[in-house]
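> Questions regarding the structure given below will be posed in turn.
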C-alpha cells in the first residue's frame, strides 16, 4: 500500500502531552512511541482524506449511480449470466 505521506521526510522533534499511566505502560512494554504515533497519524490522515474525497465527489457519485440505475451499463446486453 502506498504511504499517504513522504516516508523519507526528515524527522522533527515535538512536545506532546500524554496520559502518564498510558505512557508508563507503553514504556514498560518497550513500545516505540514515535513509530506508534506516526502509524496512528497515517491511519487518521488516510481516513480523513477518504472522507473528504467522498464529500467532494458526492454529487458526481450520486449522478453516476442514478445514470446506472436508469440506463444500466454498456455491457448489460452482453452478459451471459
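> What does the highest-first list of 66-77, 32-43 look like by mean Cβ count within 10 Å?
Going by the mean number of other Cβ atoms within 10 Å, highest first, we get 32-43, 66-77.
> Say each of residue 71 and residue 24 gets a label point 7 Å from the Cα, pointing the same way as Cα to Cβ; how far apart are those two points in nm?
So the two model labels end up 6.5 nm from each other.
> Using only helices, what value at 222 nm comes out for the chain when you add -39,500 (n - 2.57) per DSSP H run of length 4 or more and divide by the total residues, to the nearest 500 deg cm²/dmol?
For the chain, the value works out to -19000 deg cm²/dmol.
> Here is a further query. Need the full-extension length gain, residue 63 to residue 6, defined as separation in residues times 0.36 nm minus the C-alpha distance. One decimal, nm.
Taking 0.36 nm per residue and subtracting the Cα distance, the gain is 17.1 nm.
> Assuming 0.890 mPa s and 25 °C, estimate D for the chain with Stokes-Einstein, Rh taken as the Kirkwood radius over Cα pairs, in µm²/s.
D, rounded to a whole number, is 141 µm²/s.
> Sticking with this one: For helix 58-71, report the angle its Cα long axis makes with the longest principal axis of the Cα atoms of the chain; keep it between 0 and 90° and round to the nearest 10°.
In the chain, helix 58-71 runs at an angle near 30 degrees to the longest axis.
> Mind pulling the angle between the C-alpha long axis of helix 33-56 and the longest principal axis of the chain? Nearest 10 degrees, somewhere in 0 to 90.
So the inclination is approximately 30 degrees.
Any read-out appearing in this document is the output of simple, stated calculations on the displayed coordinates, not a laboratory observation. Remember, it's a predicted structure, so these values are computed and weren't measured experimentally. Cβ atoms come from the backbone with ideal geometry, glycine included; neighbour counts cover every protein chain shown.
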